[in-house]
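Asker: Handing you this structure, nothing more for now.
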Amino acid sequence: GNAFADTLVLNADAALDVKTGKLIRPATVVVEDNTIVSVARSNRRAYPEDATVIDLKGHTLLPGLFDMHVHLTGDSQVHGYKRLRRTAPRSAITGVRNAKRTLAAGFTSVRNLGAPGYADLALRDAIYDGDVPGPRIFASGPALGITGGHCDNNLFTHEHKVVAAGVADGPWAVRQKVRENIKYGVDVIKFCATGGVLSKGTKVGAQQYSFEEMQALVAEVHLRGLTVAAHAHGTDGIKSAIRAGVDSVEHVSFLDDEAIVLAKKHGTYFSMDIYNTEYILSEGEKAGILPESLDKERKVGGTQRASFTKAVKAGVNMVFGSDGGVYPHGQNGKQFSRMVKFGMNELQALQAATINSASLLKMQDKLGSLEAGKLADIIAVPGNPLEDIQVMETVTLVIKDGKVEVDQRQ
Ligand code: ARG
């Protein structure tokens, strides 16, 4: 190691190797600057005398968590018509608050899938520059969608002529919109393949972009070396998106056997927000969610959970995606227990939120597991998550890029 490096030593009851499910216990993790230099049974390796040592008795160390579907600039109290009073600059400031909460919950990397006015890029860059704390953000900017679709804004009459920034119809128009988003600096492209729950006047089960448009869109994104996420609830939209070659499908509510076979064949990741329904149905009305959306949610939530169980059983690539911002940011960890309740074992749920998500982002060489040479994104939870997954809701220590960002040890 570098003699002048800042060394951080973490002594914990255990460290989880998310690739194998093995617990190293007791564990010592040594970090120099922003890099993990060793993960080993305690006392097997000497460390410099001037190292900062953190004692984590009773804790398990894990890699920093990933949430592959959040809207940091969104507010769970501000839905439906209430949202019309939110400008992009105001949303960016909300994002500052939410980025901090998300990081404190142990999520050191997120994909932000859809933000008006590129507010997510401003937030990403402010965090990167060290102005405000927050996770690593992989941001999409405005999501692409058809005229009148889930990713348009349908709250006005024609007299107001309101069109969301990501609206594009036709293969060349979607290619142009992808190029525009890349021009302004997005990391990932998001588009709406079907209707949705929270949009006005869209059929949640119905396809929106045609297959021809999806093919053009995905080809353009991959040509430019980015990845693409498709919002899709309905079966036809899910299958078209997979056939078009998307990297991940979001929500994935109405699955059939063919869709599962296709996802496995194409290696598509499923990002299923199975906690979300609980918040929407209990708190949504107060937050301004439209009655028609609450009706749609009643038809989607239960089916989506059954689809999750099927996808897990079939061995589809699963990531952790929660749609944070619909429900309150910082409560992301609540989804772990639902993932276990609806078919995963504890390790699978943790893999979804770590190594699988890192692979979807093509960051698996740098992030997603506790291994020498990887970036030091590390969290500690009070207990053993393989025995009690709910400890994921009370993350005690958060290290990002080798820096202690949150320390809530008593
Ligand atoms: N943003 C999504 C939509 O409007 C939320 C879906 C939430 N419901 C659910 N059961 N996951 O479609």
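The values are calculated or read from the model by the stated rules, or taken from the named source; none is laboratory data. As the structure is a prediction and not an experimental result, all values here were calculated from the model. Neighbour counts are summed over all protein chains in view; Cβ atoms, including those assigned to glycine, are modelled from backbone coordinates with ideal geometry. For accessibility, only protein heavy atoms count, side chains too; no ligands or nucleic acids. Shrake-Rupley method; radii C 1.70, N 1.55, O 1.52, S 1.80 Å.
Asker: Determine the percent antiparallel among the DSSP beta bridges restricted to the chain, to the nearest 5.
Answerer: 45
Asker: Mean shadow of the stretch 34-119, computed from the convex hull of its alpha carbons, in nm²? List each step's numbers first, then the result.
Answerer: Numbers: hull surface 33.9 nm².
Seen from a random direction, the Cα hull of the stretch 34-119 projects 8.5 nm² on average.
Asker: If you roll a 1.4 Å probe over the heavy atoms of the protein chains, what accessible area per residue do you get for the chain, in Å²? List each step's numbers first, then the result.
Answerer: Values: 16750 Å² over 410 residues.
Value for the chain: 41 Å² per residue.
Asker: Among DSSP bridges having both ends in the stretch 254-410, what percentage is antiparallel? Round to the nearest 5.
Answerer: In the stretch 254-410, DSSP labels about 65 percent of beta bridges as antiparallel.
Asker: Here is a follow-up. If packing is taken as the average number of other Cβ atoms within 10 Å across a peptide's residues, how do 235-244, 94-103, 335-344, 160-169 rank, most packed first?
Answerer: 235-244, 94-103, 335-344, 160-169
Asker: Mind checking the angle between helix 291-314 and the chain's longest principal axis? C-alpha axes, 0 to 90 degrees, to the nearest 10.
Answerer: Roughly 50 degrees between the two axes.
Asker: Further question: Calculate the length of the line joining the C-alpha centroid of the stretch 387-403 to that of the stretch 201-242, in whole Å.
Answerer: Centre-to-centre (Cα) distance: 34 Å.
Asker: Can you run phi through the Karplus equation (6.51, -1.76, 1.60; θ = phi - 60°) for the stretch 201-216 and list ³J(HN,Hα) in whole Hz, with x for Gly and Pro?
Answerer: With the stated coefficients, the stretch 201-216 comes to x, 10, 8, 5, x, 8, 5, 10, 4, 6, 4, 4, 5, 4, 4, 5 Hz.
Asker: Based on the alpha-carbon gyration tensor of the stretch 65-332, what equivalent-ellipsoid semi-axes (square roots of 5 times the eigenvalues) come out, in whole Å, largest first? Write down the numbers at each step before the final one.
Answerer: Values: eigenvalues 116, 88, 82 Å².
The three semi-axes for the stretch 65-332 are 24, 21, 20 Å.
Asker: Further question: Treat every Asp and Glu Cβ in the stretch 301-410 as -1 and every Lys and Arg Cβ as +1, leave all other atoms uncharged, and give the resulting dipole magnitude about the Cα centre to the nearest 20 debye. Mind showing how you got there, number by number?
Answerer: Numbers: 12 positive and 11 negative charges, 80 e Å.
Dipole magnitude for the stretch 301-410 comes out near 380 debye.
Asker: Same structure, new question: Roughly what angle does helix 235-244 make with the longest principal axis of the chain, taking Cα atoms, 0 to 90 degrees, to the nearest 10?
Answerer: So the helix axis and the longest Cα principal axis differ by about 70 degrees.
Asker: So what is the calculated 222 nm ellipticity per residue for the chain, using -39500 (n - 2.57) for each DSSP H run with n of 4 or more, over all residues, to the nearest 500 deg cm²/dmol?
Answerer: On the way: 11 runs with 126 residues, N = 410.
Result for the chain, helices only: -9500 deg cm²/dmol.
Asker: For the stretch 270-410, with equal point scatterers placed on the C-alpha atoms only and solvent neglected, what are the log10 I(q)/I(0) values from the Debye formula at q = 0.10, 0.21 1/Å, to two decimals?
Answerer: Relative scattering, expressed as log10 I(q)/I(0), comes to -0.39, -1.35.
Asker: Okay, moving on. Listed highest first by mean packing, meaning other Cβ atoms within 10 Å per residue, what order do 30-40, 317-327, 294-304 come in?
Answerer: 317-327, 30-40, 294-304
Asker: Computing the accessible area with a 1.4 Å probe over protein heavy atoms, can you report the carbon and sulfur percentage for the chain?
Answerer: Working: 8300 of 16750 Å².
It is 50 percent, rounded to a whole number.
Asker: Next up: Against the globular-protein guess of 2.2 N^0.38 Å, express the Cα radius of gyration of the stretch 357-402 as a ratio, rounded to two decimals.
Answerer: Taking the Cα Rg and dividing by 2.2 N^0.38 Å, one obtains 1.28.
Asker: Moving to a separate point now. Which one, Leu103, Ala241, Gln215, is farthest towards the positive end of the dipole of the stretch 65-332 when Lys and Arg carry +1 and Asp and Glu -1 on their Cβ?
Answerer: Comparing the listed Cα positions along the dipole, Leu103 ranks first.
Asker: Report, to the nearest 10°, how far helix 119-128 tilts away from the longest principal axis of the Cα atoms in the chain, using its own Cα long axis and a range of 0 to 90°.
Answerer: 10
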